[in-house]
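J.: One structure, pasted below without further comment.
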Amino acid sequence: MKILLYLGDAYFINCRVGVGTYHSNIIFGLNAAYDIVVPENCSVKLPKNAHPVHLSKIKKGVISLFKWFLPINVFFKNYDCIITDSFSFKKGKCDTRLFMIVHDCMVFTEPKNYTFFQRLYARIASKTFKQADCIIAVSETTKQALHDIFRLQYNRIKTISNITDFYVESKKEKNFLYIGDMRKTKNLHNLICGFSAFLKDSNSSDNLIIAGRKKYEYELLQKLVEDLKLEDRVVFTGYVSEEEKRKLFEIAKALVLISDNEGFGIPLIEAALNGLPVICSDIPIFHEILDEENAIFVDNKNVQSISNSFSKIEQKNISPQACQRLRDKYSLETFHKKINELILQAGGKK
């Protein structure tokens, strides 16, 4: 069986986040030999069973433009199975099996956070969902959204949750840690305001570390920190490498993620797997991943609720049993088993 991975560039860039982790899990999880589309002159590590198919910038641009009008198998011929998160059509009765990955439905569930053109792009892209033989959703929450919004049948959607093998021994020092980008949907404005209220109501010497690329709302957030006179208590690190992230986890007492919505939430898994308590927003996807044993759920629109959660974290301890349940649920073995079973089914094997 001839297999092609046609994914975005998230795995191939230096500033890798959750989507890049998901791509990595697929790339290193497939047992069969396969081709993978990679950027021109890319030399990122690939497994031995992966054969790189290099695309020039011109050819990649042509595909990006015409994929809205022509099926994906016009550009990539003679494949039995194509796995992609690039929204693509498939020619009517061709034998190619098309598996489409959907990371989240936030542009549809939280449209106010996106521009007109982003919403238009997503609406057009969603028309390709019914062309896929199978949709791969990264969470049960995303699967439910696909069913509710697009009326896709449950049996056409396969949930394969993102996972991580990130392990570290936390010293639980005086730092609250946020890892991610600085988009408006991450609700960092309320996080900083809640942290400020917490400091005023307590004698805490804790700090808030915000790790992520200094983009999107960074300048507004930096000014907010200055206005609240928190320059010595809130630290913007910029993007951090895996080794730098490990060091931040070692000195963190809790992870904080109070997004309006998420497709998944890899930092939550990384924290809870390592016995680090979590403060997170009270939204379905986070309840899917964690429970009250390892997380404090807050109203992310309520600054006082956020402030109170910082005080409560001292009493939150995650048991070894809770960590083990997460390791069993979100393991590389489970991820690899599911993705390979999907490929076997595509090849008609039992």
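J.: Any idea what log10 I(q)/I(0) is at q = 0.13, 0.18, 0.19 Å⁻¹ for region 11-70, Debye with uniform C-alpha scatterers and no solvent?
T.: Results for region 11-70 at q = 0.13, 0.18, 0.19 Å⁻¹ read -0.41, -0.75, -0.83.
J.: Have a look at S331, S64, S281 and tell me which one the Gaussian network model of the chain (Cα, springs below 10 Å) gives the largest fluctuation.
T.: Result for the chain, Cα springs under 10 Å: S64 fluctuates most.
J.: Continuing with the same structure: Relative to the longest principal Cα axis of the chain, at what angle does helix 320-329 sit, 0 to 90 degrees, rounded to 10?
T.: 20 degrees
J.: In degrees between 0 and 90, to the nearest 10, how far off the longest principal axis of the chain does helix 303-312 point, with axes built from Cα atoms?
T.: Result, in degrees: 80.
J.: If you take the alpha carbon radius of gyration of region 140-202 and divide it by 2.2 N^0.38 Å, what ratio comes out, to two decimals?
T.: 1.76
J.: Tell me which of T164, S202, L191 sits at the most positive position along the dipole axis of the chain, charges placed on C-beta atoms (Lys, Arg +1; Asp, Glu -1).
T.: T164
J.: Would you work out which of N340, F75, S88 lies farthest towards the positive end of the dipole of the chain, given +1 charges on the beta-carbon of Lys and Arg and -1 on that of Asp and Glu, about the Cα centre?
T.: Value computed over the given set: F75.
J.: Mind checking the dipole of the chain: about its Cα centre, +1 per Lys or Arg Cβ, -1 per Asp or Glu Cβ, Debye to the nearest 20?
T.: Rounded to the nearest 20 debye, it is 1520 debye.
J.: Using only Cα atoms, figure out Rg for region 223-288 and give it as a multiple of 2.2 N^0.38 Å.
T.: Expressed relative to 2.2 N^0.38 Å, the Cα Rg reads 1.26.
J.: For V62 and H287, what does the FRET efficiency come to when R0 = 51 Å and r is the distance between their Cβ atoms, rounded to the nearest 0.05?
T.: 0.75
J.: OK, next. In nanometres, what is the gap between the two model label sites at N113 and K127, each 7 Å from Cα along Cα-to-Cβ?
T.: 2.7 nm
J.: I'd like the accessible area for H287: 1.4 Å probe, protein heavy atoms, all chains in place, Å² to the nearest 10.
T.: Counting only protein heavy atoms, the figure is 80 Å².
J.: Rg and Dmax in Å for region 66-202, alpha carbons only: what are they?
T.: 20.0, 66
J.: State, as an integer percentage, the relative contact order of the chain based on alpha-carbon contacts under 8 Å between residues 6 or more apart.
T.: RCO, the chain: 17 percent.
J.: Just the number: Rg to Rh for region 265-327, Cα atoms, Kirkwood Rh, two decimals.
T.: 0.96
J.: Probe of 1.4 angstrom, ligands and nucleic acids ignored: what's the accessible area per residue over region 128-213, in square angstrom? Before the final figure, lay out each step's value.
T.: Details: 3580 Å² over 86 residues.
It amounts to 42 Å² per residue over region 128-213.
J.: Oh, and also: What is the percent of Cα-Cα separations in the chain that go past 37 Å?
T.: Value for the chain (Cα pairs over 37 Å): 22 percent.
J.: In nm, to one decimal, how far is the V235 label point from the S205 one, both placed 7 Å along Cα→Cβ?
T.: Modelled inter-label distance: 1.5 nm.
J.: Right, next: With the cut-off at 17 Å, report for region 142-253 the share of all Cα pairs above it, as a whole percent.
T.: Taking all Cα-Cα pairs of region 142-253, the fraction more than 17 Å apart is 63 percent.
J.: At 37 °C and 0.692 mPa s, what whole-number value in µm²/s does Stokes-Einstein give for the translational diffusion of region 106-176, with Rh from the Kirkwood sum over Cα pairs?
T.: 223 µm²/s
J.: Here's something else I'd like to know. Return the equivalent ellipsoid semi-axes of region 55-113 as a descending list in whole Å, where each equals the square root of 5 times an eigenvalue of the C-alpha gyration tensor.
T.: The answer is 24, 16, 10 Å, longest axis first.
J.: Separate question: Under a plain spin-label model, where a point goes 7 Å from the Cα along Cα-to-Cβ, how far apart in nm are Q304 and E333?
T.: The answer from the label model is 4.8 nm.
J.: To continue, here is another question. Expressed as a rounded percentage, what relative contact order does region 2-90 have, with Cα pairs under 8 Å and six or more residues apart?
T.: Taking the mean separation of contacting Cα pairs over the length of region 2-90, I get 37 percent.
J.: For the Cα atoms of the chain, what angle does the longest principal axis make with the long axis of helix 57-66, in degrees from 0 to 90, nearest 10?
T.: The helix 57-66 is inclined about 80 degrees to the chain.
The values are calculated or read from the model by the stated rules, or taken from the named source; none is laboratory data. Being a predicted model, the structure only gives us computed values, none of them experimental. With ideal geometry, Cβ positions are generated from the backbone for all residues, glycine too; neighbour counts draw on all protein chains shown. Remember, those area values only see protein heavy atoms, side chains included, never the ligands or the DNA or RNA. Shrake-Rupley method; radii C 1.70, N 1.55, O 1.52, S 1.80 Å.
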